[in-house]
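Scroll down for the structure; my scribbles are underneath it.
Read the figures in this text as sums done on the coordinates, not as results from a lab. Remember, it's a predicted structure, so these values are computed and weren't measured experimentally. All Cβ positions, even for glycine, are placed from backbone atoms using ideal geometry, and neighbour counts span all protein chains on display.
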Amino acid sequence: MTFLLEPSLALAVGTVAAYWDWRWRRIPRWLTVPAAFCGLAAHAWLGGWWGAVAATMAGFGLGLLLLQLGAMGGGDVKLLAASGAILGLNLWAITIAIAFLIAGGTALVQLAMRGRLLFLMSDLGAIIRGWKEYGLHPHPDHNLATPGAVTAPFGVALGIGIACAVCLF
């Protein structure tokens, strides 16, 4: 029965995080921090400790980079790390790929609905040029805090990614 521990925990955390992020646009610390500790403890007990640690660190590092660039919130960073702790490296990598595809698709739909799809390439070019000018800091015109920015709750995409990865792999 222990083989169900990690997938069950991942599905529970992913579902609660998706709901909170959809409803209130935040992911609570009371969910992510204990989930990370439980995931690491489960891997220490059942095996796969180093893969879980690597996925936790990769999730935290990727999340911090996106937070620094103004593309993600702090709750998303903690959720990326916690999902790595729960899923381990291989399943986490699949989850992240699915989640970013869903988030990208959501963004494209939102841009199309707002009539901004034609400006996508120039906006991406401005962001890339901004990295040279501003370094690893949010672009002043293209980040989550920009009024009218196209945003979507990443916790929802990650929750769906967790469900898909756990159920399919």
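What number, in nm² with one decimal, is the all-direction average of the projected area of the convex hull of the alpha-carbon atoms of segment 55-128? Can you show the working numbers first?
Details: hull surface 20.9 nm².
The directionally averaged projection comes out at 5.2 nm².
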Practice problem: For n ≥ 4 DSSP H runs only, could you compute -39500 (n - 2.57) per run for the chain, divide by its residues and tell me the 222 nm figure to the nearest 500? | Solution: -25500 deg cm²/dmol
Quiz item: Going by how many other Cβ atoms sit within 10 Å of their own, how do TRP30, TRP92, TRP20 line up, fewest first?
Solution: TRP30, TRP20, TRP92
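In Å, the Kirkwood hydrodynamic radius of segment 2-168 over pairs of distinct alpha carbons? Don't skip to the answer; put the middle values down first.
Details: mean 1/r = 0.0611 Å⁻¹.
Computed over Cα pairs of segment 2-168, the Kirkwood hydrodynamic radius comes out at 16.4 Å.
For segment 37-95, what mean projected area does the convex hull of the alpha carbons give, in nm²? Mind dumping the intermediate values first?
Numbers: hull surface 14.0 nm².
The orientation-averaged projected area of the Cα hull of segment 37-95 comes to 3.5 nm².
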Quiz item: Can you run phi through the Karplus equation (6.51, -1.76, 1.60; θ = phi - 60°) for segment 156-165 and list ³J(HN,Hα) in whole Hz, with x for Gly and Pro?
Solution: 5, 4, 5, x, 5, x, 4, 4, 5, 5
Self-check item: Degrees, to the nearest 10: 89-113 long Cα axis against longest axis of the chain
Solution: 30 degrees
